[in-house]
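Right, one structure below, let's go through it.
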Amino acid sequence: MTMSVDEQRALAEAFDPNRLDPAFYENPYPVYAALRRFDPVHRCPDGTYFLSRYADLDRIYRDRTAFSSDKKQAFAPKYGVGSPLYEHHTTSLVFNDAPYHTRVRRQIVGALTPHVLKAMEPDVVALVDTLLDRMEAQRDVDLITDYAAAVPVEVIGNLLRVPREDRGPLRGWSLAILGALEPSLSAAQLEAGNRAVGEFCVYLRELIAHRRRHPGGDDDLLTRLLSDDELTETELAQNCVFLLNAGHETTTNLIGNGLHLLLTHTESLRHLREEPQLITTAVEECLRFESSNQLGNRLVVQRTVVGDVTLEPGTYLTLCIGAANRDPDEFNDPDRFDIARQPNRHLAFAAGAHACAGMAVARLEGRVAIARAVQRFPSLRLAGEPVRGQRARFRGFTSLPARATKSR
Ligand code: HEM
């Protein structure tokens, strides 16, 4: 159903990210289009601003002088100072500025060199093929629980060298902690998030103590972080929690959203099967079209003008990556899913000093998992109602029932 101009304007002006309805979670893009067109620097009822234009986000992400990533002010009322969630989210590098951010980031980037990534690839292929073997035996599968969610937890577990037998609780902890970043939270979500941080940190302190006694090589992420004498035990543990979380749900959603997109765009799927080398641009298009991380945030620390709005220091911004990635001023025919799209300068990994430090890992997982699933099962198809995660920040499915057979 198409909306009139007046309806779109009204939709944009009334938008409140703290009060989203089920239709929004199903398809937020009409709302994003209305915001981009009629109120791209939208003042929300709580006084924060919601930004939806590509050019504005690209500029803000690259500007470390006027905008800060520090979330202490925003998270104090949300979580309560001293709570486990407050300690976690205000200690991880992503929600901090230089010099602390720069130091932690240097260790992470230093451990994810092209050489390390190349060495990771055979393990990712072997892991994916084992999951596909299991799916072939099962036939009726869930592409999220049986596949998309199983890949990142292993990959990130390997990166930090978490013993395989300890990996069971990682996914649940991660979902609970990231779930607590939603714009509005229930008491149960808060409680689950706080408990998960506590349990995760107890586990990590043991892992860290063990790694101190048995250090790994230069390519071991945890050993590199340990080599920074200035990091306290809390900073170490909380950044490991963040790393495990950052690489987890986002990548699950890249794989899940990507498979869903291909299975619902059969022409694109056929094209990819005929020309498998398109997987590289196809993954970028999945990242753009259904960005797994839809919302980011920044704090204004220097008076600045965005669009026709003057933003004062202390103003909190939500940067809508999902809307920017469908901006017609940047992308031709942005609502068309085009697996060969080039150029495709999407903001799915943000940009600037905080741009995703694990983007090469995510791309590798996305390419291997999506390409091998569609090649392995020529008649892979959805076989039941997909269930969406009902989250505004992290867009993806919790269940994607499918039938995996080799015969056509
Ligand atoms: C499709 C998957 C992924 C998406 C969409 C994604 C997206 C993002 C975005 C948007 C940010 C910037 C946050 C901000 O500044 O507001 C970010 C930061 C980060 N991501 Fe990812 N990410 C993904 C996978 C990964 C993986 C696999 C890892 C680790 C191996 C990872 C590690 C990080 C780290 C460490 C940061 C913080 C960087 C910094 O603050 O300097 N991410 N990610």
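Observations
- Enumeration of residues in region 342-363 that are more than 15 Å from the chain's Cα centre (by Cα) and open to solvent by less than 50 Å² (accessible area, probe 1.4 Å): N344, G352, A353
- Scanning region 100-111 for residues being over 18 Å from D63 (Cβ atoms) and at pLDDT 90 or above gives a total of 6.
- Residue within region 246-263 that is out of contact with any strand residue (DSSP E or B) (no Cβ under 6 Å at 6 or more places or on another chain), open to solvent by less than 20 Å² (accessible area, probe 1.4 Å), modelled with pLDDT under 95 and within 16 Å of the ligand (Cβ to nearest atom) present: yes
- Residues located in region 270-294, provided they are open to solvent by less than 10 Å² (accessible area, probe 1.4 Å) and away from the ligand (no atom under 16 Å from the Cβ): L272
The values are calculated or read from the model by the stated rules, or taken from the named source; none is laboratory data. Keep in mind it's a predicted model, so treat the numbers as computed, not measured. In this analysis, Cβ positions are derived from the backbone assuming ideal geometry, glycine residues included, and neighbour counts consider all displayed protein chains. Keep in mind that these areas ignore ligands, DNA and RNA; they rest on the heavy atoms of the full protein, side chains included. Shrake-Rupley method; radii C 1.70, N 1.55, O 1.52, S 1.80 Å.
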